[in-house]
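To start, the structure itself, in structure tokens.
The values are calculated or read from the model by the stated rules, or taken from the named source; none is laboratory data. Just so you know, these numbers come straight off a predicted model, no measurement behind them. Every residue, glycine among them, receives a Cβ derived from its backbone with ideal geometry; neighbour counts consider all protein chains shown. Please note that ligands, DNA and RNA were not included when accessible areas were found on the heavy atoms of the full protein model with its side chains. Shrake-Rupley method; radii C 1.70, N 1.55, O 1.52, S 1.80 Å.
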Amino acid sequence: MNSKSIIETKTNYRWQCRRGMLELDLLLNNFVDKKVDSLDEKQIQSFDMLLSYPDQALLDLLLGNSVSSDSEISKLVSQIRSTPLS
Amino acid sequence: MSSIERRQFDTLIIGAGGGGLRASLQLAEADLSVAVVSKVFPTRSHTVAAQGGMNAALANVLPDNWHWHMFDTVKGSDYLGDQDAIEYMCRAAPKAVYELEHFGVPFSRLDNGKIYQRAFGGQSQNFGGDQAARTCAAADRTGHAILHSLYQQNIRAKTHFFDEYFAVDLLKDGEGRVLGALVFNIHDGQIVIIEAKTTLIATGGAGQLFKTTTNALINTGDGLGMAMRAGIPLQDMEFFQFHPTGIAGRGMLITEGARGEGGYLVNGDGERLMERYAPKAKDLASRDVVSRAISIEIKEGRGCGPKKDHVLLKLDHLGEDVIQKRLPGIRQTCITFLGLDPAESPIPVFPTAHYTMGGIPTNRYGQVVVPVKDTPEEPVAGLYAAGECACVSVHGGNRLGGNSLLDILVFGRAAANHIIEYLKENKYHKVIDEDIVSNAVQRAKRFDLNSEPSPGGDEVKETVAVLRKELKQVMEDHCSVFRDKQFLIEGVDKVEQLCDRMKNVKIDDQSYTFNTAKVEAFELENLMACALATIHSALAREESRGAHSRIDFPDRDDKSWMRHSLYSFENGLDYKPVRTKPLSVESFPPKPRVY
């Protein structure tokens, strides 16, 4: 990505990561801050897909209450969960 | 001005949580044109986070009736709640639950097929007797179930949604009527003037005022700031609920349901601390009582951990099966954020900012009311508020668990019903003068880089991130669980300085595409207004009542202070009486609040 599109993508993501629950705000924004620049196109598609999920489904995935049958989503969820919280 | 888009609706609703969506559904089903403006996608509203449930005296598990529920709510409010509104809410509660069932909310069931009800803090049978079980829940995701059901029903009823639009300011004419709002599209920055015969504010609370909070980032008190800028005072803002069991250091909520299911708090000596503070109700005493108990234990050196800065919530004795079945969400929260399993180890907890009891003053029909000359509660024509942003006031000095979902549903519906009646008498749009629109458009540019410095502001440029961090720290340090005069005076001074510095905020990002920096500036401005109202009201109230706890005035003072605070930019502090007369039953006179 060029620098302009990275900034646009980040601000767009920052808004999509504004959710109804503090837990999601923390996990998702932490991931956007630290990792989103290094995602490849396939991972970005998975992240977009993940962000389209309802909050409760997202919470269940990110807290490990449920596991996605989509292996790409599943990998991304592990990545989000393993990004240390600041 | 011709380039500004203008849209007309019977009703504009700002906010798409449970209160806004319950109201919009009622209005859309009455064949009115309804616009719902939400800064996030509606099902990402904070209602989704309400884990615990919703109170209604259904008597499915233990004997119950609405009058006991009313008593508990009045007592829980520390006698600051308005008893007419409380009676109305408690009587309407069973119907509100059945309506939700009809909309598709999957309430948890008992073996006999009836709706399961769990015990929550502050609930009693027979006016202060044995523990009651009054909270209806859809597992630990009641808010999510309610929000999604209401959203689906609104789609079916053809409510018009403006998703990811931010409402900046109300439009008000010279006679004080509210005629809609200026909003902008977060995606492309385009301004839209929404003209409405009636406007309902349902923007939720302001938990982001504090550094440690259970609230999502979106809870920035937008409707409260908007109301204050329109000259409407905020009521009882000194009453902010601190939930006793937030995860220490992080803020996330561990639902009261965990104590309802048998969890209890222990201090650094391994003692069940609540037995000393509330011999009867113990861990299920009212939230303010439990929060203060935890703070005292820590202050007196009986905290847990190396820094003795928290206490522990024990659940491990309940067994893995009960925890997994009844409290799966909190188990995973602990594993993810703390790396511990509550089925094996206790959870470190500390009081965390949770709920705004105060807000925009309304009557029980949801009409926004303000003092005019000798009348304490004169309705503002065309303006309504419901839910956490409103102060109706059913929660008074302290909200009971399970009463907030009830509040949004009962008063979202009540406001809509009043709007339906109001529109029968007020059929036509009032003409909005071009001046009102052009002023609003000009004001919407107040944080733009090229705009004129605000009067009183100097030339030093300030950033949103720095000011927000400072504000949250000041509120946490000076206006938290325990308060005293000296600390509050210093806090008022600091908040006023921050408000002055807010005038110098300019946004570098001038793009129109997803300009979230601009949204964050408006949000911070709203938080500043809330902070000012909160800390001024807290300094002035020289007593301890509900969540407002003054070290220097430890007792409740009904003679001087059984009254509602009102704070406005124009007039500072003012007061109005509590409505102590219910609709059909005897008043509950103030008594010492013992649990």
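What are the residues in the range A:52-63 that are facing chain B (nearest Cβ under 10 Å), of a type outside the set (Gly, Ala, Ser) and either open to solvent by 50 Å² or more (accessible area, probe 1.4 Å) or under 11 Å from the mean Cα position of the chain (by Cα) (or both), if any?
A:54, A:58, A:62
Take the conditions in a loop (DSSP other than H, G, I, E, B), touching a Phe, Trp or Tyr at 6+ places or on another chain (Cβ under 9 Å), under 27 Å from residue B:69 (Cα atoms) and within 14 Å of another protein chain (Cβ to nearest Cβ) and apply them to residue B:205. Does it pass?
So residue B:205 passes the test.
A quick yes/no check of all residues on (1) touching a Lys or Arg at 6+ places or on another chain (Cβ under 9 Å); (2) of a type in the set (Asp, Glu); (3) modelled with pLDDT of 95 or more:
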{"site": "B:494", "(1), (2), (3)": "no, no, yes"}
{"site": "B:506", "(1), (2), (3)": "yes, no, no"}
{"site": "B:509", "(1), (2), (3)": "yes, yes, no"}
{"site": "B:536", "(1), (2), (3)": "no, no, yes"}
{"site": "B:554", "(1), (2), (3)": "no, no, no"}
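Select from the range B:131-183 the residues that are within 14 Å of chain A (Cβ to nearest Cβ) and assigned to a strand (DSSP E or B) and write down the one among them that is least open to solvent (accessible area, probe 1.4 Å).
Applying the filter and picking the extreme gives B:166.
Restricting to the range B:220-252, give me the number of residues that are under 15 Å from the mean Cα position of the chain (by Cα) and open to solvent by 10 Å² or more (accessible area, probe 1.4 Å).
2
So, of the residues in the range B:312-342 that are closer than 13 Å to residue B:261 by Cα and in a loop (DSSP other than H, G, I, E, B), which turns out to be farthest from the other protein chains (Cβ to nearest Cβ)?
Across the range B:312-342, the extreme among qualifying residues is B:319.
Looking at the range B:261-292, which of its residues are in contact (Cβ under 8 Å) with a residue 40 or more places away in the chain and either among the hydrophobic types (A, V, I, L, M, F, W, C) or more than 23 Å from residue B:72 (Cα to Cα) (or both)?
Of everything in the range B:261-292, those that are in contact (Cβ under 8 Å) with a residue 40 or more places away in the chain and either among the hydrophobic types (A, V, I, L, M, F, W, C) or more than 23 Å from residue B:72 (Cα to Cα) (or both) turn out to be B:265, B:266, B:267, B:268, B:278, B:281, B:284, B:285, B:289, B:290.
Just to be sure before I move on: is residue B:215 polar (S, T, N, Q), over 16 Å from residue B:387 (Cβ atoms), at pLDDT 95 or above and open to solvent by less than 10 Å² (accessible area, probe 1.4 Å) in the structure I sent?
Considered against the rule, which asks whether it is polar (S, T, N, Q), over 16 Å from residue B:387 (Cβ atoms), at pLDDT 95 or above and open to solvent by less than 10 Å² (accessible area, probe 1.4 Å), residue B:215 comes out as no.
Within the range B:30-51, track down each residue that is in a loop (DSSP other than H, G, I, E, B) and within 14 Å of chain A (Cβ to nearest Cβ).
B:39, B:40, B:41, B:45, B:50, B:51
Limited to the range A:39-51, what total is found for residues that are open to solvent by 60 Å² or more (accessible area, probe 1.4 Å) and of a type in the set (S, T, N, Q)?
Qualifying residue count for the region: 1.
One line per residue, one yes/no per condition, for (1) surrounded by fewer than 24 Cβ atoms within 10 Å (Cβ to Cβ); (2) touching a helix residue (DSSP H, G or I) at 6+ places or on another chain (Cβ under 7 Å); (3) among the β-branched types (Val, Ile, Thr):
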{"residue": "B:12", "(1), (2), (3)": "no, no, no"}
{"residue": "B:31", "(1), (2), (3)": "yes, no, no"}
{"residue": "B:36", "(1), (2), (3)": "no, yes, yes"}
{"residue": "B:110", "(1), (2), (3)": "yes, no, no"}
{"residue": "B:123", "(1), (2), (3)": "no, yes, no"}
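For residue B:546, work out the one condition from (1) open to solvent by less than 20 Å² (accessible area, probe 1.4 Å); (2) in contact with a strand residue (DSSP E or B) (Cβ under 9 Å, 6 or more places away or on another chain); (3) at pLDDT 95 or above; (4) under 14 Å from residue B:396 (Cβ atoms) it doesn't fulfil.
(3)
Any chance you could count how many residues in the range B:471-526 are within 14 Å of another protein chain (Cβ to nearest Cβ) and open to solvent by 20 Å² or more (accessible area, probe 1.4 Å)?
Of the residues in that region, 10 qualify.
Determine whether residue B:316 is over 21 Å from residue B:334 (Cβ atoms) and either surrounded by 23 or more Cβ atoms within 10 Å (Cβ to Cβ) or touching a Pro at 6+ places or on another chain (Cβ under 7 Å) (or both).
No; evaluated as a whole, the condition is false for this residue.
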